1. Please list, ordered by residue number, the helices (runs of 4 or more DSSP H) wholly in the range 1-93 having 2 or more residues that are at negative phi and surrounded by 13 or more Cβ atoms within 10 Å (Cβ to Cβ).
2. Look at the range 58-75 and say how many of its residues are among the hydrophobic types (A, V, I, L, M, F, W, C) and more than 17 Å from the chain's Cα centre (by Cα).
3. Could you tell me whether the range 44-55 includes any residue that is of a type in the set (S, T, N, Q), in contact (Cβ under 8 Å) with a residue 24 or more places away in the chain and under 21 Å from Phe15 (Cβ atoms)?
4. Which residue pairs have Cβ atoms under 8 Å apart, sit 6 or more places apart or on different chains, and have a first residue in the range 64-76 that is under 21 Å from Gly20 (Cβ atoms) and a second that is of a type in the set (D, E, K, R) and not in a helix (DSSP H, G or I)?
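Values quoted throughout were computed directly from the atomic coordinates according to the rules given, and no laboratory measurement underlies them. On a predicted model such as this, the values are computed, not experimentally measured, just so you know. Note that each Cβ is placed from the backbone with ideal geometry, even for glycine, and that neighbours are counted across all protein chains shown.
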Amino acid sequence: MNDTIKNTFNFESAFKTLQGVVKRTPLEFNAGLSLKYNANIYLKREDLQIVRSYKLRGAYNKISALNADALKNGIVCASAGNHAQGVAYSCKKLGIKGVIFMP
C-alpha cells in the first residue's frame with residue numbers, strides 16, 4: 001500500500017471504530033452491466049446500511065474522533081441528503097446533540 005495513503009488515513013482504526021455501527025454489506029454481481037461492459041461488475045450494496053448510504057461511515061468515524069471539548073456544543077452540518085442522515089444517526093448513537101440545516 002502507498003505509505004502516503006496509509007499515513008493520511010488509518011483504515012485499521014476506522015474499521016475498529018465502525019464495528020457494531022455499520023453493517024457489513026455484500027458485493028452483488030450484476031449480470032446486466034457485466035454483459036454490457038464485457039467485465040465482471042459487482043455493486044457494493046451500501047443501500048442496505050441503516051441510513052441507506054455509505055455516508056454513515058465517514059460521519060461516525062469523524063464525530064467519534066472529536067474530543068469532549070469539541071463536542072460540548074454539539075454537531076452542526078448542512079446537508080439535504082445522505083450526509084445529513086449519517087450525521088443524525090451518529091449523533092443519536094453517540095448521545096450527542098446534533099443540528100442539521102437543510103438547504
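1. On the way: elements: 3-8, 11-18, 31-37, 55-65, 68-71.
By residue number, 11-18, 31-37, 55-65.
2. Quick first cut of the range 58-75, residues among the hydrophobic types (A, V, I, L, M, F, W, C) only: 59, 63, 65-66, 68, 70-71, 75.
Filter again for more than 17 Å from the chain's Cα centre (by Cα), leaving 68, 70-71.
So the count comes out to 3.
3. Quick first cut of the range 44-55, residues of a type in the set (S, T, N, Q) only: 49, 53.
With the extra rule that they be in contact (Cβ under 8 Å) with a residue 24 or more places away in the chain, the set shrinks to 49, 53.
Still in the running and under 21 Å from Phe15 (Cβ atoms): 49, 53.
The answer is yes; a qualifying residue exists.
4. Here the result reads Ile75/Lys97, each pair linking the range 64-76 to a residue that is of a type in the set (D, E, K, R) and not in a helix (DSSP H, G or I).
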